[in-house]
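The values are calculated or read from the model by the stated rules, or taken from the named source; none is laboratory data. As the structure is a prediction and not an experimental result, all values here were calculated from the model. Neighbour counts run over all protein chains shown; Cβ positions are idealised from the backbone, glycine included. Areas reflect the complete protein model, heavy atoms only, side chains present, ligands, DNA and RNA absent. Shrake-Rupley method; radii C 1.70, N 1.55, O 1.52, S 1.80 Å.
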Amino acid sequence: MLNAFRNVRAAVLCSKRAPGLDYVLQYPSRGSMFDVACVITTEEDFPDRGIVQAHGVPVMTHALRSFHVDRGAPIRDRQVRADFDSITAGVLRKLDIDVVICLGYLFVLTEPMLTAFNERIFNIHDSDLALASHNGRRRYVGLHSTRDAILSGEPETRSTLDVVTRDLDGGPIINRSESFPVAPLVTDALAFGALDMVRAYSYAHREWMMRRAWGPMVVQLLERMAAGVDPVALEAVAV
């Protein structure tokens, strides 16, 4: 159990963007209940760098692709990825980080990060991880979960806040967002065989969900931690 009403120091990991971060940075309890100590991006080109820095938050570039290229290794090489994550973990330990939030982080975290921040790394996933397939596995995982859910005929989507573990997209569910109804046009588009329409709609639907839900979900997590609530013990409920 965390001490009640401590200022929680969070780090944000992202790639090309960090959906919802602007909401977190402008939230009234930032600075009193929690703060964002740093943002680490895997990309040299991070369009929101200026906005984040304007809020007094340092942005560090830890370029994953060039890290692999410099070592002559493919991006899927897990040993090189572990070396990369070891550097990340070292930086975060020096900053006395309490919790790591993955917002639009596109890569798998490996053992050095998982060990250094056991049960303290959280990811917001753009599908409802509470939905299970017939085999008991989570139904929509991976980078195209919203599109997959919409193509499968789901009437609504939700985002999920979960604990990052060694089981990719398989960690404990902490929270689920409100529901985002799928527009009726998808049924017509599928009947027309117009998959281009469905893909375009899926992108817009995902953007709607991320921009509306992700910031509030992060704030709720950090405020609960600041109040001394163990987030891993929370049941998944809608915000």
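How much net charge surrounds Ser145 when only other residues with a Cβ under 15 Å from its Cβ are counted (Lys, Arg +1; Asp, Glu -1)? Display every interim value, and only then the final one.
Details: positive: Arg137, Arg138, Arg139, Arg147, Arg158, Arg176, Arg199, Arg206; negative: Asp126, Asp128, Asp148, Glu154, Glu156, Asp162, Asp169, Glu207.
Neighbour charge sum, excluding Ser145 itself: 0.
How much net charge surrounds Phe117 when only the other residues with a Cβ under 11 Å from the Cβ of Phe117 are counted, with Lys and Arg +1 and Asp and Glu -1? Walk me through the numbers before you get to the answer.
Working: positive: Arg93, Arg120; negative: Asp85, Asp98, Glu119.
My count for the surroundings of Phe117 gives -1.
Only four residue types carry charge here, +1 at the Cβ of Lys and Arg and -1 at the Cβ of Asp and Glu. Report the dipole size of the chain about the Cα centre in Debye, rounded to the nearest 20. Numbers along the way, then the final one.
On the way: 26 positive and 29 negative charges, 44 e Å.
Using only the charged Cβ atoms, the result is roughly 220 debye.
Please compute the net charge surrounding Leu25, taking Lys and Arg as +1 and Asp and Glu as -1 over other residues with Cβ under 15 Å from its Cβ.
Numbers: positive: Arg9, Arg17, Arg30, Arg49, Arg211; negative: Asp22, Asp35, Asp48, Glu223.
With Lys, Arg at +1 and Asp, Glu at -1, the neighbours total +1.
Can you give me the C-alpha center-to-center distance between the range 75-150 and the range 156-223, rounded to a whole angstrom?
Their Cα centres are 17 Å away from one another.
Could you give the angle, 0 to 90 degrees to the nearest 10, between helix 215-226's Cα long axis and the longest principal axis of the Cα atoms of the chain?
Helix 215-226 sits roughly 40 degrees off the main axis of the chain.
If ligands, DNA and RNA are left out, what is the accessible area of Lys16 with a 1.4 Å probe, given in Å² to the nearest 10?
120
Calculate one ³J(HN,Hα) per residue across the range 62-79 by plugging θ = phi - 60° into the Karplus curve 6.51 cos²θ - 1.76 cosθ + 1.60, and present them in order as whole Hz with x for glycine and proline.
After applying 6.51 cos²θ - 1.76 cosθ + 1.60, I find 10, 6, 6, 5, 5, 4, 5, 4, 4, 9, x, 10, x, 5, 8, 5, 6, 5 Hz.
Only four residue types carry charge here, +1 at the Cβ of Lys and Arg and -1 at the Cβ of Asp and Glu. Report the dipole size of the range 47-96 about the Cα centre in Debye, rounded to the nearest 20. Intermediate results must be reported in sequence, preceding the final value.
Working: 8 positive and 6 negative charges, 21 e Å.
Result for the range 47-96 is approximately 100 debye, rounded to the nearest 20.
As a test of reading the structure, rank His68, His62 by solvent-accessible area (1.4 Å probe, protein chains only), most first. Display every interim value, and only then the final one.
Details: His68 0, His62 30 Å².
Result of the area sort, largest leading: His62, His68.
Can you work out the FRET efficiency for the pair Ala191 and Arg71, with r the C-beta to C-beta distance and R0 = 35 Å, to the nearest 0.05? Intermediate values should be presented prior to the final figure.
Values: r = 50 Å, r/R0 = 1.42.
About 0.10, to the nearest 0.05.
Using a Gaussian network model of the chain with C-alpha springs under 10 Å, which one of Asp45, Asp169, Asp77 is most mobile by mean-square fluctuation?
Highest fluctuation of the listed residues: Asp77.
Hey, got the dipole for the range 92-156? About the Cα centre, +1 on K and R Cβ, -1 on D and E Cβ, debye to the nearest 20? Show your work: numbers first, answer last.
Values: 7 positive and 9 negative charges, 40 e Å.
Roughly 200 debye for the range 92-156.
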